[in-house]
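Each remark here refers to the structure printed beneath this line.
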Amino acid sequence: MQSKCLIFLAVVSLLAFSYLLNATAIEEKAAARTALMHARECEKHLGPLPKFRYEDAIEIPITQNGKRVIVTADNIGKNLKSCDKPAAFGAPCQLGNRVGRYQGIKANGSPNPDVVFVTFFRDGGLGVIGHNIKTGATCFLSVKDEVDPRQGLPTPDEPKYNKAWQSPTVVGRDGCVKCHMADPFLHSPWIDQVRDPKNPDKPLVPLIADVDSPYFVIGKEFPAPPGRKPGAIHATIPKQLEGNMCVACHAPQCVPDFFNVKLDELKMSAPFHTMEMETREQWVKDREAVREYCRSLDIQYFD
Ligand code: HEC
Ligand code: HEC
């Protein structure tokens, strides 16, 4: 009798427990937004997302002793042992990566000069940053790992958008803003080799940051860039950096040690044509003060 009772109790509690587990799983599912839901939110701030194409993007050169290495079907994706201007992040001398740029459009199809989208085809994947220069609204997008972005990608108005693009939870967890911190776009001597065909004295990646430029990230799944108040449009300059030269032109930008190129050691201001290092005493001192501040933020780059 007693053992029957115990079994009954065990079964009941097991059922209750699995019900509870299920309920939280369903709740989480309901709360997790799809890539399409996030894309629609982005479109409210940026206008319709363009069709992002590999063919529209420009190859980022890899040179060795000033000579460009030609990309072929055989060597594409290969990471060379050395090159003149390594990528700051990821495989330093990888062949065949591309960067592209689109001007935004308004819902009625007319051009919107305030909005820019930048595509980055790297290491077989694709990351996209959409930014409204006037309002600061910024979207980070990324295709799923198993998707080859060179094969053509759906816009939000086309079927299977969610099959190709990562959900905002996944992109948010990637921590784009930990590196894309001072402003949406990061410059390096490698990526700045690609010039804007419409304006060849400028890099293709927009140069827009000043210390007050608006920047906030769309999507509740995305944390605020380090050191910024959640929801704030402008960066907070911490007390200890007042008067520091490094915050004269743009908000503090942290550069973790694992970068192939310590961008903060390069001579400012960008765009970076060369790998020339900053050696002036006061600048080096100010750079150290920014690094000290960065350490105080305790940013975990990879969990
Ligand atoms: C660990 C640092 C780091 C993280 C995290 C990171 N990026 Fe970047 N990203 C860079 C750097 C550095 C560059 C400049 C190219 C270079 O030299 O590597 C860059 C360049 C880009 C570009 C080209 C435009 C530009 O700003 O130069 C895009 C688009 C981009 N990243 C998207 C993303 C997205 C989307 C995420 C999150 C899913 C992300 N990145 C996360 C470091 C990072
Ligand atoms: C004269 C203006 C100016 C000063 C002063 C300056 N920078 Fe920059 N810096 C720039 C510009 C312009 C860029 C290009 C990037 C942009 O739009 O954010 C840049 C880019 C960077 C980057 C690469 C990441 C990125 O956002 O592209 C780092 C890191 C950086 N600066 C650190 C520093 C440090 C550290 C100091 C102080 C030693 C400093 N900067 C002083 C103008 C300046």
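Bear in mind these aren't lab numbers, they're just calculated from the coordinates by the rules spelled out. Treat the numbers as computed from the prediction; the structure is a model and nothing was measured. With ideal geometry, Cβ positions are generated from the backbone for all residues, glycine too; neighbour counts draw on all protein chains shown.
Between G175, T274, S213, the Cα set farthest toward the positive side of the dipole of the chain (charges on each charged residue's Cβ, about the Cα centre) is that of G175. Between the helical axis of 2-31 and the longest alpha-carbon principal axis of the chain there is an angle of about 30 degrees. For the stretch 113-157, the list of trypsin sites (Lys or Arg not before Pro) that fall in a loop by DSSP and count at most 15 other C-beta atoms within 10 angstrom reads K134. Axis angle, to the nearest 10 degrees, between helix 281-297 and the longest C-alpha principal axis of the chain: 0 degrees. Its residue count N sets the reference 2.2 N^0.38 Å, and the alpha-carbon radius of gyration of the stretch 63-201 equals 1.14 times that reference.
The alpha-carbon atoms of the stretch 55-139 define a convex hull whose volume equals 125 cubic angstrom per residue.
Among 199-210, 41-52, how do they line up by average Cβ neighbours within 10 Å per residue, starting with the highest? Walk me through the intermediate numbers first.
Values: 199-210: 15.2, 41-52: 19.2.
Going by the mean number of other Cβ atoms within 10 Å, highest first, we get 41-52, 199-210.
What translational D, rounded to a whole number of µm²/s, comes out for the stretch 163-285 from Stokes-Einstein when the hydrodynamic radius is the Kirkwood one over Cα pairs, at 37 °C and 0.692 mPa s?
Numbers: Rh = 16.0 Å.
The diffusion coefficient I find is 205 µm²/s.
Which angle between 0 and 90 degrees, to the nearest 10, do you get for helix 35-46 versus the longest principal axis of the chain when only C-alpha atoms count? Its long axis makes an angle of about 40 degrees.
For the chain, list log₁₀ I(q)/I(0) at each q in 0.11, 0.13, 0.14 Å⁻¹, using the Debye formula over Cα point scatterers of equal strength and ignoring solvent, two decimals each. For the requested q values the scattering log ratios are -0.73, -0.98, -1.13. Coupling constants for the stretch 266-274 follow from the phi torsions by the Karplus curve (6.51 cos²θ - 1.76 cosθ + 1.60, θ = phi - 60°), and in residue order they are 6, 6, 8, 8, 5, x, 8, 8, 10 Hz; glycine and proline get x. Remark: the stretch 140-146, residue by residue, has Karplus-estimated 3J(HN,Hα) of 10, 10, 8, 7, 5, 4, 7 Hz, where x stands for each Gly or Pro and the curve is 6.51 cos²θ - 1.76 cosθ + 1.60 at θ = phi - 60°.
Extending 7 Å from the Cα toward the beta-carbon at both N260 and K202 defines two label points whose distance is 2.7 nm. Calculated from DSSP H runs of 4 or more alone, at -39500 (n - 2.57) each and per residue, what is the 222 nm mean residue ellipticity of the chain, nearest 500? It comes out at -7500 deg cm²/dmol, rounded to the nearest 500. For the chain, set up a Gaussian network in which alpha carbons nearer than 10 Å are linked by springs, and say which option among R98, R287, R68 fluctuates the most. Largest GNM mean-square fluctuation: R68.
A Cβ-based charge dipole, computed about the Cα centre of the stretch 34-223 with Lys and Arg at +1 and Asp and Glu at -1, lands at about 220 debye.
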